[in-house]
There are 2 protein chains.
Amino acid sequence: MPKSDGFENVTADDVAAATGVSRWTVNRAFKKDASISPKTRAKVMSAAQTLGYVPDLSAAALASTRSNLVALLVDDFTNPHKLVMMERLTRALRSRGWDTLLVNTLDREDTAPALLNASQRRVDATILIGVQFDDEVLAAAQGARRFRKLIIFARSSSNPDTISIAVDDEAATREIAQYVLGKGYQRPLYVAGPRTVSAHLLRKETFQEVWHGKFGVLPETVSVDRYDSIMAAEVAYDTLRDRPVSALPDVIVCENDALALGVIDTIRHRLQLRIPDDIAVVGFDDVPAASSPNYRLTTYRQPLTDMSNYLVDVLEGPDATNLDRKFIGRLVIRESA
Amino acid sequence: MPKSDGFENVTADDVAAATGVSRWTVNRAFKKDASISPKTRAKVMSAAQTLGYVPDLSAAALASTRSNLVALLVDDFTNPHKLVMMERLTRALRSRGWDTLLVNTLDREDTAPALLNASQRRVDATILIGVQFDDEVLAAAQGARRFRKLIIFARSSSNPDTISIAVDDEAATREIAQYVLGKGYQRPLYVAGPRTVSAHLLRKETFQEVWHGKFGVLPETVSVDRYDSIMAAEVAYDTLRDRPVSALPDVIVCENDALALGVIDTIRHRLQLRIPDDIAVVGFDDVPAASSPNYRLTTYRQPLTDMSNYLVDVLEGPDATNLDRKFIGRLVIRESA
DNA sequence: AAATATCTTGCACACGCGTGCAAAGGGTGT
DNA sequence: ACACCCTTTGCACGCGTGTGCAAGATATTT
């Protein structure tokens, strides 16, 4: 095993000694835009190469005020979209020199401790991807020492103390609603997820608003306590069982794909109905399963790559106000609606 | 935002001053089994509480030889089972005081740099969950400075320089094979994933062996280049299209669920056949989707919680040899076979 | 009560690198 | 050859904590 027998201690001093320059010059060689002559940098780098030296980011973080480390707080591992988000985020971060601390928010009460935990590692920013965020958590965040930015990813927040990087839910939902209207559906059912205080999605609200504006009535709406397919399947079944065909919705619009997949399962396997002929379904996120031949889900894809890159821009930029940004995604039309 | 205006610098010295003890006593108060009187510890803790002090793990890592930090290298975010593994691992780690650095291995060539990257943060161990591990990677690992343990999680490896924590694939596959035999299936097709050099799964081999032992012939076998449902669906279609019914397999045994889900999609939607009546399907992992009414997949569940806890045991234990361990999981029988 | 054993506390030094500034080096124009 | 400017290099000090040991305080024994 890499016991790293003693050879773990290759420090900048060693390289300096081998090269005949000072330790500071060695470290400068590894800094992106440090003032150092190309010649000595090359000399240092080759010596570092043979000695196996790499700067210790841990020590660098201690010495400076930046760590190039962010914490990623995740509370909901049941939603497959989380996996996609994590991939995109870590890809953008790592390819631009940032490391990611993955913090599993064990349960609802654990968010504040998790935040504190992250701060103990001197992270430059904390990213929340999930639903657990509310004002209580924010208070905890403010109590936590030393971290500069609190970023809410893929969720809107009007809290002035956070930076929200999200898709424009309102525009997206309008596009979805227009599509649904254009298809001539008459009796929608909206399936919403859990409601949180600070991090709104505005999807349900916008859909209701559009529908009400058009027909003067609110669409039927139910909500699920977690973004979980199994749970959504249950709620859908409880809502639709025993209904005469005429009372069934002709389209079910879901706040995201995790819900939509469960809804589809219920429609097919427990209600024995066809999609989209009997009931159409629309989702949000475009998770991988949405494109499988089993689901062929019409859904809305968030520009996660752009959002992730913007996030890194924010990290690298100065502390400014009003860094919030909304992105426009794309409606992906498949056979489910 | 928590600009942490100056109040970020609450250090052990501040607490020491406020309490009237030395800095070392303050830090001792936060150590689990340090020699300190309960009285002073309480005094210190309450002062720390009001001042908002928490030990800086970054500095602690620098000063000592341990960081309580592990790197988790992930290369394949398309397999939904990864999400489950990450949840279980981070849960076990965090609840026992370990932090996790999530490193996205961007592409095949990136594994070595990723490993190096992790070592720059002084991780105590590196965990690989994925398929990217081969001898080349191991060589890179050994070249990387300072990290004590290289753990292959959920995959067997006979490499003496690594610690492998996995399910007993051979026993598991035997159980699966016995089940398949007991059900009277005659014409199996085995769908394997990509082959790697150092981290074997032994599933395909064991299944072949059992089958050959029973009937004297090898079962038909195909392999997919990635653990990806879409790709598996393609391979299954290419393999089975245009076959007369008599030439179709009556059961398809898949190396894992990611493959099985794609196979099921192909059987149903492209071959228009029924499961399990026409073709039965068996998977491995028990991903969340396997239990959905859509799939009802018969599969093998790994004891991920036990495996994760053992992993932390290994982290906390001394550097020993032969820390490898195999776990026994459970065959979950559903309607797909 | 003295001596010893046990527990508790303090401290010098080290961990590896960043910051800001001063000194040295190299080049240009007159 | 000189003064000047710009580039490149060196350095003192600090970041916040761990380690191992020695000194001090307290408890136990005879």
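The values are calculated or read from the model by the stated rules, or taken from the named source; none is laboratory data. Values in this document were obtained by computation on a predicted structure and should not be read as measured data. Positions of Cβ are generated from backbone atoms using ideal geometry, with glycine treated the same way; all protein chains shown enter the neighbour counts. Surface areas here come from the heavy atoms of the whole protein model, side chains and all, with no ligands, DNA or RNA. Shrake-Rupley method; radii C 1.70, N 1.55, O 1.52, S 1.80 Å.
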May I ask you to give the percent of accessible area on the protein assembly as shown that is carbon plus sulfur, with a probe radius of 1.4 Å?
-> 51
Looking only at A:M231, A:M86, A:M45, which one moves most when chain A is put into a Gaussian network model with springs between Cα atoms under 10 Å?
-> A:M45
In whole Å, how far is the Cα centre of region A:301-337 from that of region B:260-333?
-> 34
One finds, for B:A42 and A:R195 with R0 = 45 angstrom and r their Cβ-Cβ distance, a FRET efficiency to the nearest 0.05 of 0.65
Long pairs among A:K149/B:K43; B:K183/B:K204; B:K149/B:K326; B:K183/B:K326; B:K204/B:K326, criterion Cα-Cα beyond 25 Å = A:K149/B:K43; B:K183/B:K326
Would you calculate, for the protein assembly as shown, the mean residue ellipticity at 222 nm contributed by helices, counting each DSSP H stretch of 4 or more residues as -39,500 (n - 2.57) and dividing by all residues, to the nearest 500?
-> -12000 deg cm²/dmol
Quick tally, 1.4 Å probe accessible area for A:I36, A:I267, sorted with the most first, runs A:I36, A:I267
Taking r as the C-beta separation of B:T321 and B:D225 and R0 as 35 Å, the FRET efficiency to the nearest 0.05 is 0.50
Here the residues of region B:222-241 whose accessible area is at least 30 Å² smaller with all protein chains than in the chain alone (probe 1.4 Å) are B:I230
Which residue, chosen from B:V332, B:L248, B:I264, occupies the Cα position most advanced towards the positive end of the dipole of region B:180-337, where the dipole is computed from +1 (Lys, Arg) and -1 (Asp, Glu) charges on Cβ about the Cα centre?
-> B:L248
GNM flexibility winner over chain B from B:R148, B:R203, B:R23 (Cα, springs under 10 Å) = B:R23
Computed over the protein assembly as shown, protein heavy atoms only, probe 1.4 angstrom, the accessible area per residue in square angstrom equals 41
Geometric extent, Cα atoms of chain A - Rg, Dmax (angstrom) = 24.9, 87
Alpha-carbon centroids, region B:5-46 and region A:81-98: separation in whole Å = 38
Could you pull the accessible area for B:E209 with a 1.4 Å probe, rounded to 10 Å²?
-> 100
Inter-copy label distances at B:T78 (7 Å, Cα→Cβ; nm, one decimal) = 2.7
Dimensionless Rg/Rh of the protein assembly as shown, both radii on Cα and Rh by Kirkwood, sits at 1.00
Which Cα, out of B:V235, A:A42, B:A114, lies furthest along the positive dipole direction of the protein assembly as shown (beta carbon charges, K/R +1, D/E -1)?
-> A:A42
So between A:K183 and A:R301, what do we pick up on full extension, going 0.36 nm a residue minus the alpha carbon distance?
-> 40.5 nm
Average partner chain C-beta neighbours within 10 Å, per residue of A:60-72?
-> 2
For region B:169-301, give the magnitude of the charge dipole about the Cα centre (Cβ charges: +1 Lys/Arg, -1 Asp/Glu; no others), in debye to the nearest 20.
-> 280
Residue with peak Gaussian network fluctuation, chain B [Cα springs, cutoff 10 Å], from B:D161, B:D228, B:D33 | B:D33
Taking a label point 7 Å out from Cα toward Cβ, give me the nm distances from B:L51 to the same spot in the other copies, shortest first, one decimal.
-> 3.8
Position A:R241, label points 7 Å along Cα→Cβ, spacing to each other copy in nm (shortest first, one decimal) | 4.2
Checking region B:214-309 for trypsin sites (Lys or Arg not before Pro) in a loop per DSSP with at most 12 other beta-carbon atoms within 10 Å yields B:R241, B:R274
Area buried, chain B against chain A - accessible surface, total, 1.4 angstrom probe, square angstrom | 6200
For region B:184-337, max minus min Cα coordinate along each principal axis, in Å, sorted largest first?
-> 59, 37, 28
Listed residues A:S158, A:L323, A:T173: farthest to the positive end of the dipole of the protein assembly as shown (Cβ charges) = A:L323
Nearest-0.05 FRET efficiency for A:D313 and B:L51, computed from C-beta distance (R0 35 Å) = 0.50
Provide a whole-number value for the mean count of partner chain Cβ atoms within 10 Å of the Cβ atoms in peptide B:113-125.
-> 3
Taking the Cα centre of chain B as the origin, how large is its charge dipole in debye, to the nearest 20, when only Lys and Arg (+1) and Asp and Glu (-1) carry charge on their Cβ atoms?
-> 1220
For the pair B:K31 and A:E335, the simple spin-label estimate (label points 7 Å beyond Cα toward Cβ) gives in nm 6.6
B:W211: accessible area at probe 1.4 Å, nearest 10 Å²?
-> 10
Compute the convex hull volume of the Cα atoms of region A:7-55, divide it by the residue count, and report the result per residue in Å³ as a whole number.
-> 61
Of all DSSP beta bridges having both residues in region A:183-337, the percent classed as antiparallel (nearest 5) is 20
About the Cα centre of the protein assembly as shown, how large is the charge dipole given +1 on each Lys and Arg Cβ and -1 on each Asp and Glu Cβ? Please answer in debye to the nearest 20.
-> 1200
Which value, in Å² and to the nearest 10, is the accessible area of B:F30 when all protein chains are kept and the probe is 1.4 Å?
-> 70
